[in-house]
1. Tabulate in residue order the Karplus-calculated ³J(HN,Hα) for the range A:294-303, using 6.51 cos²θ - 1.76 cosθ + 1.60 with θ = phi - 60°, rounded to whole Hz; enter x for Gly and Pro.
2. Pulled fully out, how much extra length does the chain show between B:Lys256 and B:His226, if you take 0.36 nm times their separation in residues and subtract their Cα-Cα distance?
3. With θ set to phi - 60°, apply the Karplus curve 6.51 cos²θ - 1.76 cosθ + 1.60 along the range A:358-365 and write out the HN-Hα couplings as whole Hz, x wherever there is a Gly or Pro.
4. How far is helix A:71-83 tilted off the main Cα axis of chain A, in degrees rounded to 10, range 0 to 90?
5. Counting other C-beta atoms within 10 Å, and keeping those with at most 16, which DSSP coil chymotrypsin sites (Phe, Trp or Tyr not before Pro) do you find in the range B:269-305?
6. Over all residues in B:134-145, what is the mean tally of Cβ atoms on other chains that come within 10 Å of each residue's Cβ?
7. Ignoring ligands, DNA and RNA, what percent of the accessible area of the range A:203-283 is carbon or sulfur (1.4 Å)?
8. Out of all DSSP beta bridges with both ends in the protein assembly as shown, state the antiparallel percent to the nearest 5.
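The values are calculated or read from the model by the stated rules, or taken from the named source; none is laboratory data. It should be emphasised that the depicted structure is a prediction, and the values quoted were computed from it without experimental measurement. Note: ideal-geometry Cβ built from the backbone for every residue, glycine included; neighbour counts use all protein chains shown. To get the accessible areas, we keep the full protein, side chains included, count just its heavy atoms, and leave off ligands, DNA and RNA. Shrake-Rupley method; radii C 1.70, N 1.55, O 1.52, S 1.80 Å.
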Amino acid sequence: MSASALAHHDGPPADYLSDSTVASWLLTTDHKRVGILYMISVTVFFAVGGLIAGLMRLELMTPKGDVLATPDSYNRMFTMHGVIMIFFFLVPAIPSVLGNFLIPLMIGARDLAFPKINLLSWYVYIIGGLMGVWILIFGGIDTGWTFYTPFSTMYSNTMVVTAAVTVFITGFSSILTGLNFVVTVHTMRAPGMTWFRLPLFVWSHYATALIMVLATPVLAISIVLVGLERLFHVGIFDPKLGGDPILFQHLFWFYSHPAVYIMVLPGFAVISEIIPCFARRPIFGYRFIAFASVAIAIFGFLVWGHHMFVSGQSMYAGAVFSILSFLVAIPSAIKVFNWTATLYKGSIKFDTPMLYALGFIGLFTIGGLTGLMLASLAIDVHVHDTYFVVAHFHYIMVGGTTMAYLAGIHFWWPKISGRTYPELWGKLSALLVFVGFNLTFFPQFLLGYLGMPRRYFEYRPEFQVLNVMSTAGASILAVGLIMPLVYLLLSLRQPRNAGPNPWGATGLEWQVESPPTTHNFHEPVLVTCEPYLYSPEEAEREYAHVQHVHSS
Amino acid sequence: MWDFPLFPDQASTNAPKLDALMLFELGVLVFFTMAILLFVLAFCVRYRRGNAADRSHPPTHSKAMEAVWIVIPAILSVVMYAWSTRLFFDLYEAPADATQIDVVGKQWMWYVQHSQGRSETNELHVPLGRPMKLNMTSQDVLHSFYIPAFRIKQDVLPGRYTSLWFEPTKVGVYNLFCAEYCGTNHSLMIGKVHVMEPADYEAWLSEKGVGPSQAEEGGRLFVQHHCAGCHRGSQTVQAPRLEGVYGKPVPIQDGKDVHFVTADDRYIRDSILLPKDQVVAGYEPIMPSFKDQISETDLLKIIAYIKSIANGETSQ
Ligand code: HEM
Ligand SMILES: [Cu+2]
């Protein structure tokens, strides 16, 4: 790597894409290339998970389970949809693609602290992913992505152990990425890049990485226990053997609730970069947003019991978990208010990333506030395990994480690829995703309050109208999601036209070429100022000037 | 077929209370969503690039503002929390005079046993205006007993008893669902709740001729499984008598120590299935385990019998 940089010393420096042999990609330790490897694989998994979602929605168009599935195949579909979307899309998407690519650039480093471990984490992820696909093809698994015992340990006759191994392996990829980020942020910052000069993107990823390192091992342990119980009947979770099925839920949610924040904190990271850039002004309340990330990461560990209000855990435990859940909502609210305040007195331009980001604010707000309803004990008793919950978590995870991921991909695409994409198509996709999303998932809130339980392949006829609406919305959403795939790939055929900084953004990553050279920076970086030094007034002056030149 | 409700029936005393809370929270949600939406829209219009507006000195932070939007949501949260927790606790405090019904969930049906003897599957008949208490357990995996029109739900667990109570307020037929995913036919594990006029309910109960009650059945099983041989004061074997035990503290020998546990459903169940775990102080650990010999439904009957002799009078 350094040799090739030297060899090109006279000519233009090699960018990270220039060596295009397959081996150079598969053996790369360049954080940018690892990011691209992740981008490709995450996209493939998202497509598979999305295809399954489409089949499920087709099935749910009619109340009888007769469109294409038997009960078992439906159960396997929603399990695989959940497993793939959570473990192979939501958890890795933003950190492993954008985080890998951007964190070193943003802090003025050449690479992550452990480049080889970074590549290893991708291989671990791919091995897990291939096993997942293998399960999908050879029989599937029908426990739901939550693997609740004793169904998973005693009653399911599908590939539970293989799935457990898959999730276990994939978890290591997450742990490795988290470790790498924590060490990188601590040790690799350029001179002058103090903690309070870090872009909020880095703050959020730092908080995410802490959760990844601390929570994922618990998932690994619980999933190993499921495997042991299933194979050897050790009697940890099975009441027939003196075990406790609720214990599994405690272990599982002790990971999986913080994991929700592994999914959304990186989303916050992206939005906190995009809003200031397109509003052309410093972010409002930088420190509050930074601390809110850490607060969410900490509180996130304390609320797992809110998944178990009706599980038979003591009602006093329920009361404690409920108040803690209300608490964790507050730092999230801080962020939404701060983003909104950042628009005030800005000079706002509505490019594709900004449209996605604004859509994110709307969807995340609805997702978050319905979370308060679920945190309210008595209401949760009624809507727990119904479509209300399905709607809520899709608002948070698809509306939050997926919108933020798309916003980020559009924002940094010129940096990553060196190309711009057709704005009009980008805006149209943002619009379709937003409309399709709401049409798909809003009816599900009503379905849930009416009482339709989740994981049903057949339902009462009175639920049909809302289900048909939801399926119609899903097809619009699908179109909106496929569009970026097409125009972003097509953009690769045009010459590199993005320039280093097409959005006029601040941030170190915009000071290097697009695409960046292999070694990121030509000379050592020295940071002397705060992030987000945008000026709305200057943006206005430039705009007026451009208008003037155009009209004369 | 295309009937299209937007709001579920309100058929229990709990339902209107819950809906009131829900509407309050919905109000808060709509208010905040609208407020954010309006601010975002207003800023987007007013400060769009090229629109003349005052952009001097954009504020970068404000402790006062941050405090406002921390404190207001915090206060609202406390209100929602207190209100919903109050309702939640009510759900677990069944009135003392509630009529008891036993429910066993299994893949994939609900088995319901009325204390007066009649049993049914995937149907639940209850009288209007009387508090009913369900004692529930599962024969296999986790299930969840859910009646949307009553706004109640409770997971049903193998090896444990959970309970649920409600008071129906509207005659009619309502959905009964299993809400915890339980395998292949989870979505078919559904039933109907029939709320009847009390007179109709009494008629229904005795429709098939009044069979033996839960407790009577339990008494029969008590003899059949040879429990009576030891527990009804036989001369040869020394075992504690069970009259008057239910609901009382029982001294348990734990190594050298003695501690007390309350003889509730769970205690009795454990004593039958895992007798060596809890030996009553002063007795030898000689009782055999009845694990895998007595079904969940029979266990419930035996417990009903032991409950029925709680007042100390022998039934011999
Ligand atoms: C076109 C978009 C999507 C549609 C139509 C869709 C539809 C569905 C449906 C029908 C279910 C089953 C709910 C149930 O029966 O309980 C489901 C579950 C789920 N979905 Fe999606 N989904 C979509 C996108 C996504 C995305 C993008 C993610 C994550 C990135 C996601 C994550 C999940 C998860 C975690 C579950 C839970 C699975 C389970 O119940 O075990 N979905 N989705
Ligand atoms: Cu069930």
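1. Result, ordered by residue: 5, 4, 4, 4, 6, 4, x, 7, 9, 10 Hz.
2. Difference between extended and current length: 7.8 nm.
3. Those phi angles translate into 5, x, 4, 4, x, 5, 5, 4 Hz.
4. For A:71-83 against chain A, the angle is about 40 degrees.
5. Sparse-neighbourhood loop chymotrypsin sites (Phe, Trp or Tyr not before Pro): B:Tyr283.
6. 3
7. That fraction is 75 percent.
8. 75
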